[in-house]
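Heads up: the structure comes next, in structure tokens.
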Amino acid sequence: MQSIIGTGVALVTPFKADFSVDTEALHRIVNFCIDGGVEYLVVLGTTAENATLSQEEKELVITTVVACNNGRLPLVLGVGGNDTMKVVAELESRDFSAFAAILSVSPYYNKPTQEGIYQHFKRVAEASPIPVIIYNVPGRTSSNMLPKTVLRLANDFSNIVAIKEAAGDLVQAMQILRDKPKDFLVISGDDMIALPMVLAGGSGVISVIGQGFPKEFSEMIRLGLNRKVDDAFKKHYLLADCIDMIFEQGNPAGIKEVFQSLGIADNTVRLPLVTVDESLSQRIADFVKNNDK
């Protein structure tokens, strides 16, 4: 799938001070990312604070992004959960005409076995009317989808077209890259190792930092895909400190602080998340200010 090669960004859900969804700020973020040169947008991923959005708010986010994007970039929709039947029901009932693919996270909290993960995604693949990107993020799910399971899914279901690999384990990613089917895409879900994964054969990234610095980050990934290694690493090292900072006190609190510093959106997050402390806020603001010079 050419449409998901390069830099995708996992969009935040901006909130007003009263914690309601800020659709105007969401418009600004979408346009900022598109103008910055990213290749696609991911709607309602983990970074969107899905867990604290009502169903009505999720629909508001979807309609806002679809309308603002207006067909300019491919869109990927997050459709996942730890209740397989609920995920299947959404896949069988939702209109996906605006979307190129879904991003479906490995079941969290239940801690399924590898066979359980396989059977979950088997049902997802059978139900989905559009291509599926499976998503491994053991830091959030407490269950690592092993390379053997990924490869089994990739070989068994033609509509499972990619994995967002966010274990933060370059060795694990390389095992998948070595043995994957030819057209199966390995997408980094970890901003700090996105470039090494691309250079090892990956197809890009679904990024958090990329929405705050879309021009710089997407250029870095394109340089990596074009094997311009030295130039790519120069851009990586310019952003590395901020990548660390935005995850220091949790996602999306860090990237929302970037947007606050940019004047694009407020830094409000919903409990149990809280905004970053004053020290980190100042360091992020200083980085953003210096990056604009």
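Things to note:
- Residues of region 132-179 that turn out to be touching a residue at least 40 places away in the same chain (Cβ under 8 Å) and in a loop (DSSP other than H, G, I, E, B), as a count: 1
- Residue in region 14-33 that is in a strand (DSSP E or B), over 30 Å from residue 116 (Cβ atoms), in contact (Cβ under 8 Å) with a residue 24 or more places away in the chain and of a type outside the set (D, E, K, R) present: yes
- Identity of the residue in region 1-52, open to solvent by less than 40 Å² (accessible area, probe 1.4 Å) and aromatic (Phe, Trp, Tyr), that ends up nearest to residue 263 (Cα to Cα): 15
- If you go through region 180-211 and keep only what is among the aliphatic types (A, V, I, L, M), open to solvent by less than 10 Å² (accessible area, probe 1.4 Å) and either farther than 20 Å from residue 9 by Cα or assigned to a helix (DSSP H, G or I) (or both), you end up with 194, 195, 197, 198, 209.
- Spans of helices (runs of 4 or more DSSP H) in region 212-293 with at least 3 residues under 20 Å from the mean Cα position of the chain (by Cα) and touching a residue at least 40 places away in the same chain (Cβ under 8 Å): 214-225, 229-248, 253-262
- Subset of region 82-96 (residues that are more than 20 Å from residue 136 (Cα to Cα) and either among the polar types (S, T, N, Q) or open to solvent by less than 90 Å² (accessible area, probe 1.4 Å) (or both)): 89, 90, 93, 94, 96
- Against the list (1) closer than 19 Å to residue 33 by Cβ; (2) open to solvent by 50 Å² or more (accessible area, probe 1.4 Å); (3) modelled with pLDDT of 95 or more, the condition residue 292 fails is (3).
- Looking at region 34-124, the strands (runs of 3 or more DSSP E) lying wholly inside it that each contain 2 or more residues that are touching a Phe, Trp or Tyr at 6+ places or on another chain (Cβ under 7 Å) and not aromatic (Phe, Trp, Tyr) sit at 75-78, 101-105.
- Unmet requirement for residue 249, which otherwise passes all of (1) within 19 Å of residue 46 (Cα to Cα); (2) buried (at least 22 other Cβ atoms within 10 Å of the Cβ): (2)
Results for (1) open to solvent by 30 Å² or more (accessible area, probe 1.4 Å); (2) closer than 24 Å to residue 192 by Cα; (3) within 21 Å of the chain's Cα centre (by Cα), shown as yes or no for each residue.
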residue: 124; (1), (2), (3): no, no, yes
residue: 131; (1), (2), (3): yes, no, yes
residue: 137; (1), (2), (3): no, yes, yes
residue: 140; (1), (2), (3): yes, yes, yes
residue: 143; (1), (2), (3): no, yes, yes
residue: 147; (1), (2), (3): no, yes, yes
residue: 153; (1), (2), (3): no, no, yes
residue: 159; (1), (2), (3): yes, no, yes
residue: 174; (1), (2), (3): yes, yes, yes
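- Taking residues in region 74-87 that are under 12 Å from residue 4 (Cα atoms) and at pLDDT 95 or above, and partners anywhere that are of a type in the set (Ser, Thr, Tyr) and in a loop (DSSP other than H, G, I, E, B), not one pair has Cβ atoms closer than 9 Å while being at least 6 places apart or on different chains.
- Whenever a residue of region 43-54 is more than 12 Å from residue 104 (Cα to Cα), its partners that are in a strand (DSSP E or B), lying with C-beta atoms within less than 9 angstrom and at least six residues away or across chains, give the pairs 47/9; 47/10; 48/10; 48/42; 48/78; 49/15; 50/78; 53/21.
The values are calculated or read from the model by the stated rules, or taken from the named source; none is laboratory data. Predicted model, so just to flag it, every value in this text is computed and none were measured. Positions of Cβ are generated from backbone atoms using ideal geometry, with glycine treated the same way; all protein chains shown enter the neighbour counts. Quick note on the areas: whole protein, heavy atoms, side chains included, nothing else; ligands and nucleic acids left out. Shrake-Rupley method; radii C 1.70, N 1.55, O 1.52, S 1.80 Å.
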